[in-house]
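Undergrad: Below is one structure. I have some questions about it.
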Amino acid sequence: MKAFLIALILSLLLGWVLPFWGTAIIAFLVFLMLGSSAVFRDYLWATLTGILVWGLPATYLYLFSQGKLPIRIAEMFSLPHPALTLAITILIGGIITGLAGATGSAIKSMLQK
């Protein structure tokens, strides 16, 4: 839980200056230093971090731009509804960040043995 909060706060603060994949690096480093020995639990916490860090801004932009960009992207990929672009964005962010956090946690538990 502590690693989740630190990764979330750092990702939200540094997300303004880091590229889109910076959240994964932050999750990797935080869970490498503060992760527990339960890798799957750390994966879930890191996934939640990615979902929030990628999902909150994407949802904000989707709602307050009247969905103009997601509509165009949905048309380009022949998606039935523009909200699917939002769901796919959040899913990809969660999976990438979750795998990075789980990798950091696994490396930590491997080095402790």
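The values are calculated or read from the model by the stated rules, or taken from the named source; none is laboratory data. Quick caveat, the model's predicted, so the values are computed rather than measured. Here the Cβ is made from the backbone with ideal geometry for all residues, glycine too, and neighbour counts use every protein chain on show. Surface accessibility is based on the protein's heavy atoms, side chains included, excluding ligands, DNA and RNA. Shrake-Rupley method; radii C 1.70, N 1.55, O 1.52, S 1.80 Å.
Undergrad: What's the center-to-center distance, using Cα atoms, between segment 1-65 and segment 71-113 in Å?
TA: 11 Å
Undergrad: Relative contact order for the chain using alpha-carbon pairs under 8 Å, separation at least 6, rounded to a whole percent?
TA: Taking the mean separation of contacting Cα pairs over the length of the chain, I get 41 percent.
Undergrad: Give me the one-decimal nm value for the distance between modelled label points at residue 66 and residue 12, 7 Å along each residue's Cα-to-Cβ direction.
TA: 3.0 nm
Undergrad: Here's another thing I want to ask about it. Give the accessible surface of the chain per residue, rounded to a whole number of Å², with probe radius 1.4 Å and ligands, DNA and RNA excluded. Could you put the intermediate results ahead of the total?
TA: Values: 7170 Å² over 113 residues.
Ligands and nucleic acids excluded, the figure is 63 Å² per residue.
Undergrad: Could you sort 21, 16, 54 by their accessible area in this structure, using a 1.4 Å probe and putting the largest first?
TA: Working: 21 130, 16 225, 54 50 Å².
Highest to lowest solvent-accessible surface, that is 16, 21, 54.
Undergrad: Compare the peptides 26-37, 72-83, 101-112 by average per-residue count of other Cβ atoms within 10 angstrom and give them in order, highest first.
TA: Working: 26-37: 21.9, 72-83: 12.5, 101-112: 18.4.
Descending packing order for the listed peptides: 26-37, 101-112, 72-83.
Undergrad: Still on this structure, please answer the following. In 10 Å bins starting at zero, report the fraction of Cα pairs in the chain per bin as a rounded %.
TA: For the chain, the binned pair fractions read 16, 41, 26, 13, 3, 0 percent.
Undergrad: Right, here's the next one. Using a basic spin-label model with each label point 7 Å from the Cα along Cα→Cβ, how many nm lie between residue 75 and residue 40?
TA: Here the answer is 4.5 nm between the modelled labels.
Undergrad: Where in the chain are the DSSP H helices whose C-alpha atoms run 15 Å or more along the long axis and whose mean Kyte hydropathy is at least -0.5?
TA: Helices meeting the criterion: 2-14, 22-34, 39-64, 83-112.
Undergrad: Heavy atoms only, probe 1.4 Å: what % of the accessible area of the chain goes to carbon and sulfur, would you let me know?
TA: Its accessible area is 77 percent carbon and sulfur atoms.
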